[in-house]
């Protein structure tokens, strides 16, 4: 079965559900697994990995591990 056929089959199953708890579980799974961004290398990020990267970046900023726009522009002139 191809991707499109699998999607249609899944949609039909979801539409026939009568149990809200199952629909809630599917929704939770999709929320966890959906791609919300991409790395600079183009790799997909799910929500948990995205939030983890944000937390790391915030800690780096708090620890003074950053560079100003002006300093970055000066540095990039030597690339």
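Since every read-out is calculated from the coordinates, none of them should be taken as a lab result. Since the model is a prediction, treat every value here as computed from it, not as a measurement.
Below, the figures for the structure above:
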read-out	value
Degrees between helix 20-33 axis and first principal axis of the chain (Cα, 0 to 90, nearest 10)	30
For the chain, built as a Gaussian network whose Cα springs stay under 10 Å, the top-fluctuating residue of 29, 45, 17	17
The chain: angle of helix 47-62 to the longest principal axis, Cα-based, in degrees nearest 10	20
In degrees, nearest ten, helix 3-15 long axis to first principal axis of the chain (Cα)	60
Region 13-79: radius of gyration and largest Cα-Cα distance (Dmax), Å	19.8, 63
